[in-house]
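Right, one structure below, let's go through it.
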Amino acid sequence: MDPDYLKTNGIRLAVALMTGILLILSDGMGWIDPVYSAGNYIVAPIAYWSNRTVVGVENAVGTVLQIGTLRSENAELVVENSKLRAELGRFRETERENDILRSQLGIELTKDWKLKRSRILGLDTYGIAEHVIIDTGSDDGVSVGDVVILGDLLIGEIREAYASTSKVRLVSNQNSNIFVIDQNTRAKGLVRGSLEGVVMEDVLENEQLNVGDVIITWEDDIPGGLVVGTVSEVVEVPTSSTKKAFLETGFSLEDIDYVFVVLEF
Amino acid sequence: MRTVIAIIAGAMVAALLNFALSSQDYVNLIWVVGLALVIADLELAGIVFLVLAGFLFDVMVLGNVGVTSVSGVIGAGVYILAKGSGVTDRAWQKVLWVLVALMVCFGADAVLETLLSERYLGIDLTGYWIRSVAVNAVLVGIVYSVIQGYSRRVGGSTSVKL
């Protein structure tokens, strides 16, 4: 036992703890918000490139390690690609027919949303993809509640908007509750995140969910028809009146540089 | 003065790297470096580093400022308590207490995050913590070896001149 050592460092630890607690309280009072904005404005470019470098190194190493399986995967993808090309041809034909019908009925497309392109600065820590930080904030017209998309894919929702940056709560967040509908069977449910992945819950027992079905948004607060994911596994519990399904979102945030904030829809 | 500049610069670099590493699971570079400094008899530098780097990192991730600092300081406090009690003299004891300190860091972080944002409510993170503690303990060993090597090369003593 060394009382002097413990006394000296005990005082240091106590001061450090008090400083930390003061920081937590300041954050709770909102006094840190200007620091958030200024700090992110300064470090955003460095953070972005250091993040991209780490992801790039990981991808390069991963590619080398997976080179054996990549060849067989490539062969499978070539076959799948040819099938998709054929399907695309059919969709184009359907699209053309829709255009003709729409012009005959006098209906115009209304998907002229006001979007703001945003760069992803970093992912959430702790291995649970819950938030990302983007480089647009209230100065760009972004506000809390705005939806973040990539093409027709729903990425998440703005939960905190600072001057030049914003925090996006991802679909995979355990606190997200998004009303969704199965595009094929019209089964309705709620989507949220979990440790096992994105899950669609509270689907009534008598409604049908099939692997491969596309799940889209279905509520008033956010644009409808945005793709949340495809069903990868259906879980039915005999004793429960509801069932759930795990979804594949079809994208990896680490491979995405930009997303779009829907300012108006 | 040189020491202060070194700590500030080190804290900024560690916070930035930790931010970049946040897309990779398990690693918390701030706790790793802070603990390594404490083990290398640089307690004051370690504590200041933990507070400063933790603050910078939390500002970058836009959330719960102070949590990383407080968790790291509590973890370092456990190691300092063990060190002051004389139970970290042997190598295996050092390893054991590094593991305990890192577990305390993750535990304190989870408690604080839960209190502030309900982040961990209902989630079983046992497996994640075990992997994280193991990975970070190895990194503490590596950083500690680097500090010791630098110390021998520069000062010829067990203390490091930052």
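Taking label points 7 Å from Cα along the Cα-to-Cβ direction, A:Trp49 and A:Leu101 give a separation of 5.2 nm.
Set the Förster radius R0 to 25 Å, insert the Cβ-Cβ distance between A:Asp221 and A:Lys83 as r into 1/(1 + (r/R0)^6), and round the FRET efficiency to 0.05. Please list the in-between numbers first.
Numbers: r = 37 Å, r/R0 = 1.48.
Rounded to the nearest 0.05, the efficiency is 0.10.
Simple rule: put +1 on each Lys or Arg Cβ and -1 on each Asp or Glu Cβ in the protein assembly as shown, find the dipole, and look at A:Gly156, A:Gly20, A:Gly56; the Cα lying farthest toward the positive end is A:Gly20. Computed over the range A:156-232, the alpha-carbon pair-distance distribution with 5 angstrom bins reads 3, 16, 25, 24, 16, 8, 4, 3, 1, 0, each value a whole percent.
Near the amide H of B:Asn28, within less than 5 Å, lie no amide hydrogens of residues on another chain or at least 5 residues away, with H placed in the peptide plane. Helix A:67-105 and the long axis of chain A differ in direction by around 60°, with both axes built from C-alpha atoms. Association of chains A and B removes close to 3900 square angstrom of accessible area from solvent, both sides included, for a probe radius of 1.4 Å. Taking only protein heavy atoms and a 1.4 Å probe, the accessible area of the protein assembly as shown is 60% carbon and sulfur. Measuring r between the beta carbons of A:Met29 and A:Glu236 and using R0 = 60 Å, the FRET efficiency lands at 0.80.
Ignoring ligands, DNA and RNA, what accessible area per residue does the protein assembly as shown give at 1.4 Å, in Å²?
Details: 22130 Å² over 427 residues.
Result: 52 Å² per residue.
Over every Cα atom in the protein assembly as shown, the radius of gyration and the widest Cα-Cα span, Dmax, amount to 25.3, 90 Å. Computed from point charges on the beta carbon alone (+1 for Lys and Arg, -1 for Asp and Glu), the dipole magnitude for the range B:1-117 about its Cα centre is near 260 Debye. Per-residue ellipticity at 222 nm, computed for chain A from helices alone with -39500 (n - 2.57) per DSSP H run of at least four residues, works out to -13500 deg cm²/dmol.
When Rg and Dmax are taken over the Cα atoms of the range A:109-265, they come to 15.7, 52 Å.
Distance from the alpha carbon centroid of the range A:57-106 to that of the range A:186-245 works out to 24 angstrom.
Partner aspartates and glutamates whose Cα lies under 13 Å from the Cα of A:Lys188, excluding those fewer than 8 positions away in the same chain, are identified as A:Glu201, A:Asp202, A:Glu205, A:Glu207, A:Asp213, A:Glu219.
Between A:Thr185 and A:Phe265, the modelled labels are 2.5 nm apart [label points 7 Å from Cα along Cα→Cβ]. Using R₀ = 25 Å, calculate the FRET efficiency as 1/(1 + (r/R₀)^6) where r is the Cβ-Cβ separation of A:Asn210 and A:Asn177; round to 0.05. Efficiency computed from Cβ-Cβ geometry: 0.60. Using θ = phi - 60° in the Karplus curve 6.51 cos²θ - 1.76 cosθ + 1.60, the 3J(HN,Hα) couplings for the range A:7-19 round to 5, 4, 6, x, 5, 4, 5, 5, 4, 5, 5, 5, 4 Hz; x is entered for Gly and Pro.
The values are calculated or read from the model by the stated rules, or taken from the named source; none is laboratory data. Note that the structure is a prediction, hence the values are computed from the model and not measured. Because the Cβ atoms are built from the backbone with ideal geometry, glycine has one as well, and the counts that use them run over all protein chains shown. Just so you know, the surface numbers come from the protein's heavy atoms only, side chains and all, with ligands and any DNA or RNA stripped out. Shrake-Rupley method; radii C 1.70, N 1.55, O 1.52, S 1.80 Å.
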